[in-house]
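The values are calculated or read from the model by the stated rules, or taken from the named source; none is laboratory data. Because the structure is a prediction, the values reported are computed rather than measured. Note: ideal-geometry Cβ built from the backbone for every residue, glycine included; neighbour counts use all protein chains shown. Side chains are part of the model used for accessible areas, which takes the heavy atoms of the whole protein and leaves out ligands, DNA and RNA. Shrake-Rupley method; radii C 1.70, N 1.55, O 1.52, S 1.80 Å.
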Amino acid sequence: MRHRRRALFALLTVGLLTSCSGGGDTALDGSSQAAGVAGYDHAQVGDEYWVAMPPLSNKTGKPLTVLDAEIVHVPAGLRVTGYRVEDSAGSGGYLIGSSPVTATDDVRTGPIRVAAHSQSDLYYEARVKVTAAVHGDLTDCRFTYRQGSATHHQDLGCDTRIRLGKPL
């Protein structure tokens, strides 16, 4: 247990951050995140992890409601088994990277309301199960949101690397 905490702490302190990109006349802003790849290189087949998706920041003058989120590219060896909404306010900040699933994890879902020109304390996480050797990274996070009466889809860059390795 101590080794798992140490590994997670090392992951967080090394500064491996989820990268985001937004553009055009889209409402969600991903430019506030540093580029990089978050990851975990001690996974075992059968392990499950919560993988943080980008924070939700509204760069427009109108409020919006995020209805859904998904990771677009899931490589062979990984399977997304669900999504939840987390609150960064209680944890002191966004969880960057991945953390093991525990028996006490509860699942909360959206929607997430984001005021104009602000960032939400809520963010999505994906529950990912390791099914075999992993060949590639989890990439591209797609958000569905409503602004006014229109529904939009927007992709933000996000990269998480999970690899098999010696257990900690």
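Hey, any hits in segment 96-112 for a residue that's part of a strand (DSSP E or B) and at pLDDT 90 or above? Yes, the conditions are met somewhere in segment 96-112.
Let's see how each residue does on (1) within 12 Å of the chain's Cα centre (by Cα); (2) open to solvent by less than 60 Å² (accessible area, probe 1.4 Å):
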position	(1), (2)
His42	no, yes
Trp50	yes, yes
Leu56	yes, yes
Leu64	no, yes
Glu70	yes, no
His73	no, no
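I'd like to know if segment 10-30 contains one or more residues that are surrounded by fewer than 13 Cβ atoms within 10 Å (Cβ to Cβ) and at pLDDT 90 or above.
Filtering segment 10-30 down to residues surrounded by fewer than 13 Cβ atoms within 10 Å (Cβ to Cβ) leaves 10, 13, 15, 23-25.
From the residues that got through so far, the ones that are at pLDDT 90 or above too are none.
Looking for residues that are surrounded by fewer than 13 Cβ atoms within 10 Å (Cβ to Cβ) and at pLDDT 90 or above, one finds none in segment 10-30, hence no.
Of all residues in segment 115-140, count the ones that are outside any strand (DSSP E or B) and either touching a helix residue (DSSP H, G or I) at 6+ places or on another chain (Cβ under 6 Å) or under 14 Å from Leu67 (Cβ atoms) (or both). Break it down stepwise before answering.
Step one: filter segment 115-140 for residues outside any strand (DSSP E or B), giving 115-117, 120-121, 136-137.
Next, only the ones that are either touching a helix residue (DSSP H, G or I) at 6+ places or on another chain (Cβ under 6 Å) or under 14 Å from Leu67 (Cβ atoms) (or both) stay: 120.
Total meeting the criteria: 1.
Which residues, taken from segment 141-168, are in contact (Cβ under 8 Å) with a residue 12 or more places away in the chain and part of a loop (DSSP other than H, G, I, E, B)?
The first filter runs over segment 141-168 and keeps only residues in contact (Cβ under 8 Å) with a residue 12 or more places away in the chain, leaving 141-148, 151-152, 154-168.
Within segment 141-168, Gly148, Gly165, Lys166, Pro167, Leu168 qualify.
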